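Here the structure comes first, spelled out in structure tokens, and everything after it is commentary.
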Ligand code: SF4
Ligand code: SF4
Ligand code: FES
């Protein structure tokens, strides 16, 4: 059975904006993106919203619904009471371009900072076979659809814009973990994770994991193992002694 839903949508641009109220018809089985599209088609043709697949796979339609970071296309209207006001706002951690569309280029800059996969020099095609256990370990991380909801949720950048320079965020901690766990990757990612990507700023609150639409266990399976590897390296007495001797030899 259809009904008219009360929607409160943020309208504006980089110079500022406001929440505006709308009443929009809802049909059975619809998701929030359907209602935003109907609003666009019938009342607000200039409403800006980014989307592509409407299937939870492209990661484009990220926004905040009643203050919670979510995909617009994967949030069913049946999760709200019919008399509930549904508030839709853009992701808070990134600059607004217009209405529900934000500039997520911060994430692309961070992606470029991570050195690419580095196999041993001279390894010819077919010389190495991956074991299933190695494939399975990183499979979870490869489910990432780059919706950046985890980045938007992480308090390290959400509440502290000035941390963006030193902190790559959860999406890139899983990328670093994926490379670090790859049996053929020869780069040592641990110091880079700590020093360039700001792994130490993460206090494992798990908020990123809670909002991931792909159910990737970001904190338990990527961040905590990476932190353990950093600790193993930095506080291993042999590594410590080796660093001392090496540094002394440099001076
Ligand atoms: S666990 Fe770490 S990366 Fe994830 S939201 Fe918390 S502080 Fe951010
Ligand atoms: S890890 Fe999850 S929440 Fe983060 S960008 Fe990937 S799919 Fe989105
Ligand atoms: S439109 Fe592709 S994830 Fe929502």
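The values are calculated or read from the model by the stated rules, or taken from the named source; none is laboratory data. Source: prediction; values computed, not measured. In this analysis, Cβ positions are derived from the backbone assuming ideal geometry, glycine residues included, and neighbour counts consider all displayed protein chains.
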*asked:* Can you tell me which residue is nearest to residue 158 (Cα to Cα) among those in the range 168-216 that are surrounded by fewer than 17 Cβ atoms within 10 Å (Cβ to Cβ) and within 10 Å of ligand 2 (Cβ to nearest atom)?
replied: 210
*So, in the range 23-68, of the ones that are in a loop (DSSP other than H, G, I, E, B), in contact with a helix residue (DSSP H, G or I) (Cβ under 6 Å, 6 or more places away or on another chain) and away from ligand 2 (no atom under 16 Å from the Cβ), which residue ends up nearest to residue 79 (Cα to Cα)?*
30
*asked:* Would you confirm, using the coordinates I've provided, whether residue 158 is over 21 Å from residue 119 (Cβ atoms) and away from ligand 3 (no atom under 16 Å from the Cβ)?
replied: yes
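Here is a yes/no grid of residues against (1) closer than 25 Å to residue 138 by Cβ; (2) assigned by the TED database to the domain that holds residue 159:
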site	(1), (2)
17	no, no
23	no, no
57	yes, no
62	yes, no
72	no, no
76	no, no
107	yes, yes
_Checking residue 148 against (1) within 16 Å of ligand 3 (Cβ to nearest atom); (2) at positive phi; (3) surrounded by fewer than 17 Cβ atoms within 10 Å (Cβ to Cβ), the condition it does not meet_ = (3)
*Could you say whether any residue in the range 220-232 is not in a helix (DSSP H, G or I) and not assigned by the TED database to the domain that holds residue 51?*
no
*How many residues does the range 146-162 contain that are under 12 Å from residue 201 (Cβ atoms) and within 9 Å of ligand 1 (Cβ to nearest atom)?*
4
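Being over 21 Å from the mean Cα position of the chain (by Cα) and crowded, with 19+ Cβ neighbours inside 10 Å narrows it down to one residue among 32, 86, 49; which is it?
Numbers: 32 fails: over 21 Å from the mean Cα position of the chain (by Cα); 49 fails: over 21 Å from the mean Cα position of the chain (by Cα).
It is 86.
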*Of (1) within 16 Å of ligand 1 (Cβ to nearest atom); (2) in a helix (DSSP H, G or I); (3) over 28 Å from residue 49 (Cα atoms); (4) touching a residue at least 60 places away in the same chain (Cβ under 8 Å), residue 197 satisfies all except one. Which?*
(2)
